[in-house]
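The values are calculated or read from the model by the stated rules, or taken from the named source; none is laboratory data. Worth saying up front: this structure is predicted, and the values here are computed from it rather than measured. Note that each Cβ is placed from the backbone with ideal geometry, even for glycine, and that neighbours are counted across all protein chains shown.
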Amino acid sequence: MKIERIVFATGNAGKVKEIQAILADLGMEVISMKQAGIAVEIEENGSTYEENALIKSRAVAACLKEAGQQENTVVMSDDSGLEIDYLHQEPGIYSARYLGEDTSYRIKNANLLSRLEGVEEALRTARFVCAIAAVLPDGRELTSRGIIEGRIGYEEKGSNGFGYDPIFYVPEFGCTTAELSEEQKNQVSHRGNALQAMKRLLLGIMEEQEH
Ligand code: ITT
């Protein structure tokens, strides 16, 4: 089985940018589902990040198959979220839908900051979680997970990244993930960790097929 192309089942432009950078060293074509000409509404009704990621990858793999375009192609997707301990791991798997899918992150971030008003630093712990799911050309499925631990800051800071980055403070760096360069964020992020693990799984499988 040859793998020459990765189609990413995501409509989130912020993710696509990070994913293409993290997977660049595989030397494969990495494109979004939109770039592959696929537009499909996917209902993310799983109860875990892994389940939702598999739902997205399976849906796009089925579309590619129908279009006769699945040859040598791996479909991958990312399901991720922000878990705030003080809020009982909210917004979690509902991170994109929190306060409504079309609500700006200015409003979502301001809302979360206000829900943590007066909460002391030690209780502001949070993490970004990312599950990656892959459907291989032969139908096999793989998943991986990555995490980055941090704290919710006291105000929005930084303009890099996307989503909740301006309120996610990483103590080791002394700044938010929106203040890190894309390269720095990808080296330590939930998405970077999950994709590095997925890369190792894929390289193992490609090698296994060669012998
Ligand atoms: P797709 O399902 O099309 O991939 P989505 O944005 O709906 O895009 P998710 O359902 O996985 O994706 O929701 C993930 C949300 O979690 C995302 O929209 C952000 O709000 C948040 N999030 C995940 N990773 C993040 C990161 O690196 N920085 C900031 N926010 C992040």
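Can you say whether Thr73 is hydroxyl-bearing (Ser, Thr, Tyr) and under 23 Å from Gly27 (Cα atoms), as far as the supplied structure shows?
Against the criterion (hydroxyl-bearing (Ser, Thr, Tyr) and under 23 Å from Gly27 (Cα atoms)), Thr73 qualifies.
Identify, from the list Tyr94, Tyr86, the residue that is touching a helix residue (DSSP H, G or I) at 6+ places or on another chain (Cβ under 6 Å), of a type outside the set (D, E, K, R) and either closer than 25 Å to Arg151 by Cβ or without any contact (Cβ under 8 Å) to a residue 40 or more places away in the chain (or both).
Only one candidate passes the filter, namely Tyr86.
Pull up segment 153-177, narrow it to residues that are part of a strand (DSSP E or B) and either within 12 Å of the ligand (Cβ to nearest atom) or of a type in the set (Gly, Ala, Ser) (or both), then point me to the one that is nearest to Gly11 (Cα to Cα).
Among them, the one singled out is Phe168.
Only one of Ile132, Ile147 is assigned to a strand (DSSP E or B) and surrounded by fewer than 21 Cβ atoms within 10 Å (Cβ to Cβ). Can you tell me which?
The match here is Ile147.
To keep it simple, each residue is scored yes or no on (1) within 23 Å of Asn160 (Cβ to Cβ); (2) modelled with pLDDT of 95 or more.
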site	(1), (2)
Gly11	yes, no
Ile38	no, no
Glu44	no, no
Ile55	no, yes
Ala61	no, yes
Asp79	yes, yes
Glu90	no, yes
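Quick test of your reading of the structure: Asp102 fulfils all but one of (1) more than 10 Å from the ligand (Cβ to nearest atom); (2) over 22 Å from Lys17 (Cβ atoms). Name the failing condition by number.
The one condition Asp102 does not meet is (2).
Looking at (1) farther than 22 Å from Ile205 by Cα; (2) in contact with a Lys or Arg (Cβ under 7 Å, 6 or more places away or on another chain), can you tell me which one Ser77 breaks?
Among (1) farther than 22 Å from Ile205 by Cα; (2) in contact with a Lys or Arg (Cβ under 7 Å, 6 or more places away or on another chain), Ser77 violates only (1).
All but one of (1) surrounded by 14 or more Cβ atoms within 10 Å (Cβ to Cβ); (2) under 25 Å from Thr103 (Cα atoms) hold for Ser159; state the number of the condition that does not hold.
The single condition Ser159 does not satisfy is (1).
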